[in-house]
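Visitor: One structure, pasted below without further comment.
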Amino acid sequence: MTNDASVVAVEQVSKRYAGNSVQILDQLSLRVTEGEFLAVVGPSGCGKTTLLRCIAGLLPPDSGQVLHRGQQLGGPPPWLSIVFQDYNRSLFPWLSVRRNVGFGLRKLPRRERDERVRRALAAVNLEDSADLYPWQLSGGMQQRCALARAIAASPQVLLLDEPFASVDAQTRIDLQDMVLGICRELRLSTLLVTHDIEEAVFMADRVAVLSTRPARVVEEIDIDLGPHRDQLTTKESARFLELRHRVFTEVRRQARPAPATAGG
Amino acid sequence: MSSKAIPTEAAQPPYGVPAEARSKVRSAATGPGRSRVPPWRTRLWQLLWQVGFVVVLLAIWERAAKTADVPYLPPLGDIADGYVSLFHGELLTQELLPSLYRVATGFGIGVAVGISVGLLVGYLRAVEPWVRPVLEFNRAIPVAAVLPGALLLFGATDTMRVLVIAFGCTFPVLLAAIDGARRVDDLMLDSARIAGLSRPQTMVRVVFPAALPQILAGVRIALGIALIMMVISELIAADNGIGQYILRNQRLFRTADVYAGVLVIGTVGWVFTTAILQAEKRMLRWHRGWRSLPE
């Protein structure tokens, strides 16, 4: 339980909505270790996004603490990036794709900034669209733009808030492969919040299952599918189905009432 | 321009199609075959009708001026002389330029104050409900009503006129900026924080551009107020300016010059409005494209 190995350590974090007594997080503890891909799944509306905002440093916890490399910071650490679900609201519509990707790099000298933007766009295969505006792109391309913005900042930690929930099935599969490739290549420590159990098992090294509100981690399951995942062979393997079954059962058990459909 | 500005749903490309292919899709969707009459011909006809209408109106006026010998119907030639004389020589420097200086300075100050204070109040949401009633009440004051008070405080000076114009321009811009800043998406603000922007940087680089559509709507209202207040402030105790020129000629029963002054103000207003509309068109191209996005 040393903090050194954890890039992000969530310790006994509780959170209520201000002004009323709805508790969202209940003494939740979680850690992301160096280079790990952790997926967090849970029933709809259980507070996954709130957890992510706490981890990002966007929302202070009521009690407990979030440590980034052993330190408690007042805001988002500079080595952390996020991709939000809703690209239409997180990308800046008045900036071209290129300028969106370079948005957080103002402090760098111009040449280095251009180079980083170029590399990030190349990584998501979007070089040809650099001078278009985000709203001129399809949903999948916009989400790739958001991904490029996230990695252009050279992060060590990448947070993904249901990043594939707003795109069609085929695009989702392409994006999953793209994200996995990027995370491995850049050795990112990644935290994926999703309601898609198959996606969590397919992508992660470890899956944490949350309870219904107020959320706690009820189960952590190691996904021993090896570092290389393939949409066909991995998803057809007996081990994958077994793990998916386990996670699915656990999530179902948490969602006591009839299963809802909306994401949360 | 229209062939590449806004993607329609039909032209929305499949995932991964490169840019060149997409623009082809778009121009195919909006290309030839939609209208049978070439656009230049429609525009020419429209122009002919517009010019024709003006010519007819002027002809009626001229005919009336020739037949009826009344002072309020001066011949067009006299009005045109007065109009032209305001654009050169002494009348330009003594009447038109001082007016333009007042309107430009007052408008500029009002817009600048309105934008900066409005963005601040709208961004720091905690302050907003607290100051809002004061601002709403101030906006409800017809600006002309503050004129006597301003005359008392600052005297019949240029400062007074500029301040009155600025006062009138501030509130529509201010309230629009508050609204725009309040409506900035939380996710964009989160994105700015993650990107490491400080609060002032976020104001300039995120809140301001996001609020620009609302702000420019306020600016257009402010322009109208600025022109009105320019004239009114010059009707009271001024020794120059276009408003004063009109008033002076009215007292001398020089009807043609009175009308010429009014036409000059109309021209000034038209130039300003056109300039702002053009600027708006350029600055908000992204906004129209963004909002017309299907879904």
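The values are calculated or read from the model by the stated rules, or taken from the named source; none is laboratory data. Remember, predicted model here, so these are calculated numbers, not experimental data. Every residue, glycine among them, receives a Cβ derived from its backbone with ideal geometry; neighbour counts consider all protein chains shown.
Visitor: So which residues in region A:26-52 are within 14 Å of another protein chain (Cβ to nearest Cβ) and either within 17 Å of residue A:7 (Cβ to Cβ) or buried (at least 20 other Cβ atoms within 10 Å of the Cβ) (or both)?
Guide: The initial filter retains those residues of region A:26-52 that are within 14 Å of another protein chain (Cβ to nearest Cβ), namely A:49-50, A:52.
Scanning region A:26-52 gives A:50, A:52.
Visitor: Next up: Give the residues of region A:173-187 that are surrounded by 20 or more Cβ atoms within 10 Å (Cβ to Cβ) and within 13 Å of chain B (Cβ to nearest Cβ), sorted by residue number.
Guide: Matches in region A:173-187: A:175 only.
Visitor: Additional query: In region A:53-87, what count of residues is obtained for those that are away from chain B (no Cβ under 14 Å), touching a residue at least 40 places away in the same chain (Cβ under 8 Å), in a strand (DSSP E or B) and of a type outside the set (Gly, Ala, Ser)?
Guide: Result for region A:53-87: 3.
Visitor: Something else now. Filter region B:280-292 for residues that are touching a residue at least 40 places away in the same chain (Cβ under 8 Å) and either touching a helix residue (DSSP H, G or I) at 6+ places or on another chain (Cβ under 8 Å) or of a type outside the set (Ser, Thr, Tyr) (or both) and give the result.
Guide: The initial filter retains those residues of region B:280-292 that are touching a residue at least 40 places away in the same chain (Cβ under 8 Å), namely B:280, B:283-285, B:287-289, B:292.
Listed by number, the residues that qualify are B:280, B:283, B:284, B:285, B:287, B:288, B:289.
Yes/no per residue for (1) touching a Ser or Thr at 6+ places or on another chain (Cβ under 9 Å); (2) on the phi < 0 side of the Ramachandran plot:
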position: A:26; (1), (2): yes, yes
position: A:38; (1), (2): yes, yes
position: A:52; (1), (2): no, yes
position: A:66; (1), (2): no, yes
position: A:69; (1), (2): yes, no
position: A:72; (1), (2): no, yes
position: A:87; (1), (2): yes, yes
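Visitor: Within region B:84-99, can one find any residue that is in contact with an Asp or Glu (Cβ under 7 Å, 6 or more places away or on another chain), surrounded by fewer than 17 Cβ atoms within 10 Å (Cβ to Cβ) and assigned to a loop (DSSP other than H, G, I, E, B)? Break it down stepwise before answering.
Guide: We begin by selecting, within region B:84-99, every residue in contact with an Asp or Glu (Cβ under 7 Å, 6 or more places away or on another chain); these are B:86, B:99.
From what is left, the residues that are surrounded by fewer than 17 Cβ atoms within 10 Å (Cβ to Cβ) are none.
Within region B:84-99 (the criterion being in contact with an Asp or Glu (Cβ under 7 Å, 6 or more places away or on another chain), surrounded by fewer than 17 Cβ atoms within 10 Å (Cβ to Cβ) and assigned to a loop (DSSP other than H, G, I, E, B)), the answer is no, since none of the residues qualifies.
Visitor: Turning to a different aspect of this structure: Only one residue in B:143, B:127 is of a type outside the set (Phe, Trp, Tyr), touching a helix residue (DSSP H, G or I) at 6+ places or on another chain (Cβ under 6 Å) and without any contact (Cβ under 8 Å) to a residue 60 or more places away in the chain. Which one?
Guide: Numbers: B:143 fails: without any contact (Cβ under 8 Å) to a residue 60 or more places away in the chain.
Just a single option satisfies the conditions, and that option is B:127.
Visitor: Out of region A:101-133, which residues are within 25 Å of residue B:288 (Cβ to Cβ), more than 8 Å from chain B (Cβ to nearest Cβ) and in contact (Cβ under 8 Å) with a residue 40 or more places away in the chain?
Guide: A:101, A:102
Visitor: Can you tell me which of A:170, A:143, A:156 is farther than 23 Å from residue A:232 by Cα and either within 11 Å of chain B (Cβ to nearest Cβ) or in contact with a His (Cβ under 6 Å, 6 or more places away or on another chain) (or both)?
Guide: Numbers: A:170 fails: farther than 23 Å from residue A:232 by Cα; A:156 fails: either within 11 Å of chain B (Cβ to nearest Cβ) or in contact with a His (Cβ under 6 Å, 6 or more places away or on another chain) (or both).
From the options A:170, A:143, A:156, the qualifying one is A:143.
Visitor: Inspect all residues belonging to region B:160-178 and state whether any of them is modelled with pLDDT under 95 and surrounded by fewer than 20 Cβ atoms within 10 Å (Cβ to Cβ).
Guide: Scanning region B:160-178 turns up no residue that is modelled with pLDDT under 95 and surrounded by fewer than 20 Cβ atoms within 10 Å (Cβ to Cβ).
Visitor: Also: Run down B:212, B:247, B:263 and say which single residue is within 13 Å of chain A (Cβ to nearest Cβ), out of contact with any Pro (no Cβ under 9 Å at 6 or more places or on another chain) and in a helix (DSSP H, G or I). First the steps, then the outcome.
Guide: Values: B:247 fails: within 13 Å of chain A (Cβ to nearest Cβ); B:263 fails: within 13 Å of chain A (Cβ to nearest Cβ).
On inspection, the qualifying residue turns out to be B:212.
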